[in-house]
Structures are given as structure tokens and as C-alpha cells.
Amino acid sequence: MKNIFLSIYLALKEVWRNRGRFLLVSMVIALITLLVLFIAALGEGLGTNNREYISKVDAQLVVFLDKTDYIIGSSRLDDVTLRAVRRVDGVEDAGPLSTSSTAIVLPGDKVLKVSLLGVQAGRPGIPAVISGRSFLTDQAKEVIIDQRVAEQTSIKLGDVILIRSTQGTKDQFFELRVVGISSRQAYLFQPSIFVPAFVWERDRPKSAAEISNLTPAINVIFVKLKDPTQAKVMLQKIQQTVENVQVADIPTTISNIPGYSAQQGTVQTQGFFTLLIGVLVIGGFFQIQILQKVPQIGVLKAIGASNFVVGLASIIQIVFVTAVGVAIGGLLTYLFSLGFPPTVPLYFNGSSSALAIIALLAIGPAGGLVSVFYAVRIEPLKALRLL
Amino acid sequence: MSAVALEVRNVVKTFESDSGTINAVDDVSFIVEHGEFVALVGPSGSGKTTMLSILAALLTPTSGQVLIDGQDLARMSEGQRVGLRRKKIGFTFQSNNLIPFLTAAENVEFMLRLNGKLDKAGKLRSQELLSRLGLSDRLNNLPNQMSGGQQQRVAIARALIHSPTVVLADEPTASLDTERAYQVVKTFAALIHEDQRAGIIVTHDLRMVQYVDRVLQMRDGKLVKVLNDKKEILALAKGE
């Protein structure tokens, strides 16, 4: 214990007496922290905007048309398949999802682009409402808006909204009454609005050839299982029982959202390289510092300080300087984030930020590891040039 | 307590080099008693610094024994030698003596801290010691705020504060002007005598030996001459 206190004393005295120099290093770490936290938040924001709805669906499996590579937009299913899935033993319920995009017309000729999602009342796929109610029928001209829509506009429960969809070559306008507000449900970088399946077919953008079609086109089917722990078994069972389908779990469905994996991979690579640069910068600084301190460490060892004391003092110093840098960086990140417009998809998720902070706290010791080994290996005789 | 603080018995230290084996210290034996101040002199390459490194438990002899308070350094593990340096040896070096981020008082107190003996009395003792060395107005100065002579005096205080058995000084006057050098060695000698420590100073400046009790002359790794007589020592100091 005496040696630990001694190491703390040496480490902190040196930091305090050379606070300008150490603060400079902490600021470098703070900037790296700022960058890493923003990259993490950006990754989380982009990912969330892409997958939010799918990740919140109350289902364990997703049924696609066979050979569509689990891409929701490429899959086309029908009512027959939906009924077949519902009949599979072990399936509690199944609900269709029809996807498209539209625009809500706002006052002042402004529009808000949204994902138009067609779902069935009371079936998997419909989001839980946090305010208001769900649809009464599959043909009701009602809409559930996600919280993001409410936040970005002044739309509230009971309002009638106007959506604009291009059908054929003409813009068509449809009125829908807002009956419910769900939690945030972004899909493909857009906030979502949910309508009954038949209303979706009527209101969605269409080519000229599709205008007369009134049967809702289903993209995928969400499957809720009686026993969610049997998802793997049920996945195989549905594929074997229902013809011409492929089945995926929710994580597989998310990773196959077009661009999702590539985007997350890019952001994670950026984060990784930023951390790597951090390790090299911190490592370089502490290595130079140890080289400058060789005689000092030689004196310490010659007068009886053990390798443990010298090594631990170096580690404490590195951890302290890194922690100060990360704290300053965290504060800067918070202050900067207050000034960013809501259109920038920064999402400070607790777990991803915590992971980034742990990684940042680890880069100091990781970078300084070589210098600590070097400090421990310094021979007082050579350091003091007695040999 | 035995009068003998340090005993060197037939110490040999050899180094291997491209040109063959070098006998840096060749069968050297001597004794230093408590309260005795000894100078180790000799030309460059005579082996005096190697001898000092062996006495400081920084280097192990190839053969022979070094006993401090009866404990044989050669039989100790590295950890035990570190402990011995901390408790029983005081050391001042040619330069880079002090921890640069500690004040004069903190540098001296550090030796007590290292030994787990820093208390109010210890702090007071270190301040008194520094005052005796003429540094009462420099207690809170960092090394870079002090002259070379002042730094050497702080190093002397640090070497003595923890009441070691042996105090070793390697060319402590090398970077000082003559006046400062005399002052430093004189004070050093006085403290060695007062505190009954065994002091060994390595120096190439023979003028400094006037303050010691005995001179050990080395050449080519061997102890070639021992001067015990004060007149002989003073004559050596005067270059006669």
C-alpha cells in the first residue's frame, strides 16, 4: 500500500508541476474523444434512422419472398402466403408490412417526407401507440404518426393531415385523420406514418399501370411466435412449410437493409482508425517523455525506488491524463451537440457512448504501455552514466 | 553497534569487451568505520566509479564480498538490494541529482517517504538539515530555480536524512566552482562526522581530499595506496 501511495504521489506531483505540458496532452485526447464520440453518435444516429422501426417490431421472424436476399423492398408476398404463415404450428400471429414513401403537406407549401407503412390493425407490425388509439378497421382513413413527425411538425391527435403521392404522372392528395402517436419509428432515414393496408394501397405512389390495383401489395410478413426462444427452429419450419419464402430473424433483416451494413462498417472503421491514431499519438508522447526522464528515473531507482513504484507511477500518470482528456472531450461533445441542428443524425446512445468512452480510456494505457515497459527496464547505472 | 560500517573483501569486477576481459576492479579490500570520511581517488579509468557502483549495490562484483552492517550484498536478491539502497545507503551523483518536479524540501522528504517514515518530526528534521546547509530560503524552490551548488547541498541533505549507514558521493563537485566545491565537501564532511555515517567520496579533484580522514588511491582497478596520515593527505591536497 505504501508503494501505491508513493506512485500516486510521484505521478500527480509531476502532472501538477508540469500541468501546462500535461494539459496539452489532455487536450489532444479531448479532441480525439470529441471525434470518437461524434463518430459513435453519428453511427448510432444513422443506424437508428435506418432500422428504428424494424428493431421495435413485436415479432421474432420476418418472411420474405424466396431469393430476394432478405431485402424488404425487393420482396413481394400475397394474402395466400400470409394465411399459410399464420397456419404454421407455433406461430402466434403474423402481420403484413407494405412499404413506400410519401410526403405530408404542411402549411406554407412545405412538405415532410415520410415512410408510408401499411400494416394491419391488431397484427404484428403495427407500432404500440403512446398516445391516442390504433386503427378501428383495415379500411379506415386513419393514420398513426411516429413521435418524430409530431416533433418536426405541429401535427397533433385529431388533426387531419394531407399527404401527397405521385400516381401515374399526377400528384394525388389524400386526407387522413391522426388517431394515434407511436414512439419514434424511423425507417430508411425518414420518420414513419402507419396506415391500414387498404388505405396504404390507395394512397401510395404508383406507376400508371398500378393505379387500378386495389389489393394491397405485401412486402414482408412479421411473425410473432408462441415461444420466442424457438426462433431458430421456427425459422426452418416456416421455410419448409410455406412455399417460395425465405425467413430471417430481426438482426438479419436489419443488417440486410440496403446500405445499412456498409454504412455501419464505414462509421466503425472511422472510429477504429481514430482510436488507433489516438493510441499512436498518446504512445508517442509518453515515449518521448520517458526518454527525457531517463536520468530522473535512474536517480529514483538508485536511491531505492522499486520498479513497481516507477512503473505504477507511469501508469497512474497515463490514466490520469487520459481521464482528464476524456472528461474534457465529453464536456466539449455535449456543448457542441447542443448547437447541432436536429437534421444531423447524432444520437448519443448510453451504451455506444459508454463503449466509446471505455475505448478512449483504454487508448492511453495502450499507447503508453511501451513507455511503461521502457521505464521499468531503465538501469540506473546507465541512466546516470556511471558505466 | 560494530565500528565497521562497510567492509570490502577482495572485490573483483570484470567486464567482457571486444578486446577481451577488462579488470575494472581488481582484488580491492578496505574497511570504512562509522564516522569516517574516505576519499576514493585515481585517474580516469582507474575503477573508482565502478567501485562506487558496487558499494551502492547497483552493480554486483564478479567475486569478493561487500558487507554493509554485516550484510553481504552479493548474497542479496535484486529486491533486497533495492531495499538496502533505500534504507542503508545515501547517494549523491555528479549531476541530475534531484527529482525535477519536487521542491528542495520535497526532494529531501522523499527519502523518508520512500522509507515510510515521513511524519511531522521527519519534515522538521529535513527543514533543519536544509537550513544547516544554508538553504532555509530555498525550501520551496524547484531544482531549476537553484544553482548547481544549492542543488548539490539538497542532494547531500537527501543522502543523509534517512540516517543511512553509508553515504556515497560521486564527483559531487564536478560542476561547481572552486569556492562552492570546497564549501560543499566541507559541509558534507562535517555532517558525516556528526551523524557517525560512513562517507565515501569519489573525486578526481585532489584539492577536496583535505576534508577526509583517509584517501584510497586506485589505479588500473587496483588499490595502490592508502593515506591515513593527515599530513600526507594535506600534502596530496596541496599537490605536493
- line: Counting only protein heavy atoms and rolling a 1.4 Å probe, one gets per residue an accessible area for region A:47-191 in Å² of 45 Å²
task: Can you find, among B:PRO43, A:SER134, A:ILE328, the residue farthest towards the positive end of the dipole of the protein assembly as shown? Put +1 on the C-beta of Lys and Arg, -1 on that of Asp and Glu.
output: B:PRO43
statement: So the angle from the long Cα axis of helix A:260-292 to the longest Cα principal axis of chain A, reported in degrees to the nearest 10, equals 10 degrees
- line: The A/B contact buries a total accessible area, at probe radius 1.4 Å and rounded to the nearest 100 Å², of 2300 Å²
query: So for the pair B:SER136, A:ARG83, with labels modelled 7 Å out along Cα→Cβ, what separation do we get in nm?
result: 10.8 nm
- line: Projected onto the charge dipole of the protein assembly as shown (unit charges on the beta-carbon of Lys, Arg, Asp and Glu, signs +1, +1, -1, -1), the Cα from A:PHE64, B:PHE30, A:ILE238 with the largest positive-side position is that of B:PHE30
message: How many angstrom lie between the Cα centre of region B:55-79 and the Cα centre of region B:176-240?
response: 24 Å
message: For a quick size check, give me the Cα extents of region A:67-243 along its three principal axes, largest first, whole Å.
response: 53, 38, 28
- line: In order over region A:38-49: 3J(HN,Hα) from phi, Karplus 6.51/-1.76/1.60, θ = phi - 60°, whole Hz, x for each Gly or Pro, gives 5, 5, 4, 5, 5, x, 5, x, 5, x, 5, 4
task: Have a look at region B:37-70 and report residues whose accessible surface goes down by 20 Å² or more when the remaining protein chains are included, against the chain on its own, probe 1.4 Å, ligands and DNA/RNA excluded.
output: B:THR49, B:SER53, B:LEU58, B:LEU59
- prompt: Cα axis of helix A:307-338 to longest principal axis of chain A: angle in degrees, 0 to 90, nearest 10?
  reply: 40 degrees
- prompt: How high is the FRET efficiency from B:ILE31 to A:PHE336, r the C-beta distance, R0 56 Å, rounded to 0.05?
  reply: 0.20
- request: Might you report the magnitude of the Cβ-based charge dipole of region A:67-243 about its Cα centre, with Lys and Arg at +1 and Asp and Glu at -1, to the nearest 20 debye?
  value: 140 debye
- request: Over the whole of B:181-188, what's the average partner chain Cβ count within 10 Å per residue? Rounded to a whole number, please.
  value: 0
query: In straight Cα distance, which aspartates and glutamates are under 19 Å from B:LYS120, not counting same-chain residues fewer than 8 positions off?
result: B:GLU106, B:GLU109, B:GLU128
field: Cα-Cα pairs of chain B separated by more than 24 Å (percent)
entry: 44 percent
- prompt: Along the charge dipole of the protein assembly as shown, Cβ charges K/R +1 and D/E -1, which of A:VAL223, A:ALA375, A:GLN263 sits furthest on the positive end?
  reply: A:ALA375
Eligible aspartates and glutamates near B:LYS238 by straight Cα distance, threshold 12 Å, same-chain separation 8 or greater: B:ASP205
task: Compare each residue of region A:352-387 in its chain alone against the assembly with all protein chains, and report those whose accessible area goes down by 30 Å² or more; 1.4 Å probe, heavy atoms.
output: A:LEU381, A:LEU384, A:LEU386, A:LEU387
- line: Rounded to the nearest Å, the spacing of the alpha-carbon centers of region A:177-229 and region A:1-22 is 62 Å
Average beta carbon contacts from partner chains per residue of B:80-87, 10 Å cutoff: 3
message: Using the crude model of +1 on Lys and Arg Cβ and -1 on Asp and Glu Cβ, and no other charge, please compute the dipole size for chain B relative to its Cα centre, in debye to 20.
response: 520 debye
query: Per the 1.4 Å probe, what fraction of the accessible area of region A:67-243, in percent, lies on carbon and sulfur atoms?
result: 50 percent
- prompt: Going 7 Å from the Cα of A:ASP58 toward and past its Cβ, which residues in region A:147-190 have a backbone nitrogen under 14 Å from where you end up?
  reply: A:182-183
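The values are calculated or read from the model by the stated rules, or taken from the named source; none is laboratory data. Remember, predicted model here, so these are calculated numbers, not experimental data. Counting neighbours? That spans all protein chains shown, and the Cβs are built from the backbone with ideal geometry, glycine included. Quick note on the areas: whole protein, heavy atoms, side chains included, nothing else; ligands and nucleic acids left out. Shrake-Rupley method; radii C 1.70, N 1.55, O 1.52, S 1.80 Å.
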